[in-house]
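Contents: one structure, followed by commentary.
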Amino acid sequence: MIRSGQPGPCIFVVGGIHGDEAAGWMAAERLQNQAVLASGTLCILSPANRTGAQALKRYVVNSGDLNRVFPGEDSADDPAMRLAASIFHMIGEWKPNLVLDLHESKKPLGAGGLGYSLIFSDDKLTGDLIWELLLSNEEGGVCRNNFGTAFPGVSRSLNRVVTEQLKYPVITVETLRSDDLEERISEQLSVVGFFLDYFGMGEVNEAEEK
Ligand SMILES: [Zn+2]
């Protein structure tokens, strides 16, 4: 978590719900060093599925798909259910102005996948956020790839459940796994950086890649 020391909005970034979607959690981890905050708070949870990320597997090890069991259950035997519940509670405690959920897809949007898309589940909650980013992209400002949109998040995903039950805007960012890893990480960081700027919180310094 990065606190600016100044009051302001909160953005909650979740990386690595799916452990094999490496750019999502690697970008989230780089934010710890590369986000420069002037106001507000940036919460970074990454990799959310730590055992899966260590094994580079989609599922929680010895369990199932974390992104199909939200809001989870605290006392469940299943590790993914317990993990989903703790993530759900954590987001609820922070009351973020925006949740960014960083993922990757094996195929592009429009070709049976979600690569380079922004997923939302309630356009009243996400409001202008997605359209402002797409507009900036069209003007050549933010991402190198042409992002599209997808609606809604799948049933029992973080996106869908946090949107419906907590009523916070959630945007799932999907990059394309067949692209170069550094390119994908850079695109993820560009999206987070856009929203830090949008909320007047700060920026992501992409020049200082480790
Ligand atoms: Zn995913």
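Under the definition of Cα pairs under 8 Å and six or more residues apart, what whole-number percent is the relative contact order of the chain? Don't skip to the end; give the middle numbers.
Working: 492 pairs, mean separation 53.1, N = 210.
With pairs under 8 Å counted, the relative contact order is 25 percent.
If you count the DSSP beta bridges with both ends in the chain, what percent of them are antiparallel, to the nearest 5? Taking every DSSP beta bridge with both residues in the chain, the antiparallel ones total about 25 percent. Percent of C-alpha pairs per 5 Å bin in the chain, short distances first: 1, 8, 16, 21, 23, 17, 9, 3, 1, 0. Working value for the range 56-125: equivalent-ellipsoid semi-axes of 24, 19, 9 Å, each the square root of 5 times a Cα gyration tensor eigenvalue, largest first. Sorted fewest first by neighbouring Cβ atoms within 10 angstrom, ILE185, ILE17 come out as ILE185, ILE17. Positive-end ranking of MET201, VAL14, VAL142 along the dipole of the chain, with charges on Cβ about the Cα centre, is headed by VAL14. Taking Cα centre as origin and charging only the Cβ of basic (Lys, Arg, +1) and acidic (Asp, Glu, -1) residues, the dipole magnitude of the chain rounds to 520 debye. For the range 5-106, averaging the sequence separation of C-alpha pairs within contact (under 8 Å, six or more residues apart) and dividing by the residue count gives a relative contact order of 36 percent. Of the residues SER86, SER46, the one with the fewest other Cβ atoms within 10 Å heads the list, and the complete ranking is SER86, SER46.
Note on the range 146-190: percent of Cα-Cα distances in each 5 Å bin, starting at 0 and stopping at the bin with the largest distance, equals 5, 19, 24, 17, 17, 14, 4, 0. The base-10 log of I(q)/I(0) for the range 1-60, evaluated at q = 0.15, 0.19 Å⁻¹, reads -0.45, -0.63 [Debye formula, identical scatterers on Cα atoms, solvent excluded].
Think of the range 2-208 as a dipole: +1 on every Lys or Arg Cβ, -1 on every Asp or Glu Cβ, centred on the Cα centre; then among SER117, LEU83, ALA48, LEU83 lies furthest on the positive end.
State log₁₀ I(q)/I(0) for the range 133-207 at q = 0.15, 0.18 Å⁻¹ as given by the Debye formula over alpha-carbon point scatterers of equal weight, solvent excluded. With one equal scatterer per Cα and no solvent, log10 I(q)/I(0) is -0.61, -0.86.
Counting beta carbons within 10 Å around each of GLU164, GLU187 and listing the fewest first gives the order GLU164, GLU187.
Values in this text are rule-based calculations from the coordinates and carry no lab data. These numbers come from a predicted model, not from an experiment. Positions of Cβ are backbone-derived with ideal geometry, glycine not excepted, and every protein chain shown enters the neighbour counts.
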